[in-house]
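Notes follow once the structure below has been shown.
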């Protein structure tokens, strides 16, 4: 599909690992703070077919959001114990909020899935 996303074998593994409700994917992401230091925290990772990307939720008033607004890159790590495989990545970030109409459907879907 999209060669910028990942090679096909990796893409399939990523979708399987991050597109499951029965076994939620909790991994770590690191952002860069105002002092240039990495800040790591655990987040609930999701695969989004709409964006063909890995997503996580955060509040717009959180330090994660502020770090990503200033420096929109992150590194992540997730170990899938069911498949005995580790995913590590670095990426540019696209922040999604309700200021763009096209984001509303995806944000609502993520919110409802998180609250289920």
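The values are calculated or read from the model by the stated rules, or taken from the named source; none is laboratory data. Bear in mind the structure is a predicted one, so any value in this text is a computation, not a measurement. Cβ placement follows ideal geometry from the backbone for every residue including glycine, while neighbour counts extend to all protein chains displayed.
Criterion first (surrounded by 14 or more Cβ atoms within 10 Å (Cβ to Cβ), more than 14 Å from the chain's Cα centre (by Cα), within 17 Å of residue 23 (Cα to Cα) and at pLDDT below 95) does residue 80 satisfy it? Talk me through it step by step, then tell me what you get.
Values: surrounded by 14 or more Cβ atoms within 10 Å (Cβ to Cβ): yes; more than 14 Å from the chain's Cα centre (by Cα): yes; within 17 Å of residue 23 (Cα to Cα): yes; at pLDDT below 95: yes.
Against the criterion (surrounded by 14 or more Cβ atoms within 10 Å (Cβ to Cβ), more than 14 Å from the chain's Cα centre (by Cα), within 17 Å of residue 23 (Cα to Cα) and at pLDDT below 95), residue 80 qualifies.
Report yes if residue 113 is under 15 Å from the mean Cα position of the chain (by Cα), more than 22 Å from residue 8 (Cα to Cα), surrounded by 11 or more Cβ atoms within 10 Å (Cβ to Cβ) and modelled with pLDDT under 80, otherwise no.
Numbers: under 15 Å from the mean Cα position of the chain (by Cα): yes; more than 22 Å from residue 8 (Cα to Cα): yes; surrounded by 11 or more Cβ atoms within 10 Å (Cβ to Cβ): yes; modelled with pLDDT under 80: yes.
Taking the combined requirement at face value, the residue satisfies it.
Pairs only if they're at least six apart or on different chains, beta carbon under 7 angstrom, first in region 15-34 and farther than 16 Å from residue 83 by Cα, second modelled with pLDDT under 95 and in a loop (DSSP other than H, G, I, E, B); list them, first residue then second.
Short answer, once both residue conditions are applied: 29/56.
Only one of these conditions is not met by residue 45: (1) within 21 Å of residue 8 (Cα to Cα); (2) surrounded by 13 or more Cβ atoms within 10 Å (Cβ to Cβ); (3) out of contact with any strand residue (DSSP E or B) (no Cβ under 6 Å at 6 or more places or on another chain); (4) modelled with pLDDT of 90 or more. Which number is it?
Of (1) within 21 Å of residue 8 (Cα to Cα); (2) surrounded by 13 or more Cβ atoms within 10 Å (Cβ to Cβ); (3) out of contact with any strand residue (DSSP E or B) (no Cβ under 6 Å at 6 or more places or on another chain); (4) modelled with pLDDT of 90 or more, only one is false for residue 45: (3).
Among the residues of region 50-77, which ones are exposed (fewer than 15 other Cβ atoms within 10 Å of the Cβ), within 19 Å of residue 7 (Cα to Cα) and either without any contact (Cβ under 8 Å) to a residue 24 or more places away in the chain or in contact with a strand residue (DSSP E or B) (Cβ under 8 Å, 6 or more places away or on another chain) (or both)?
77
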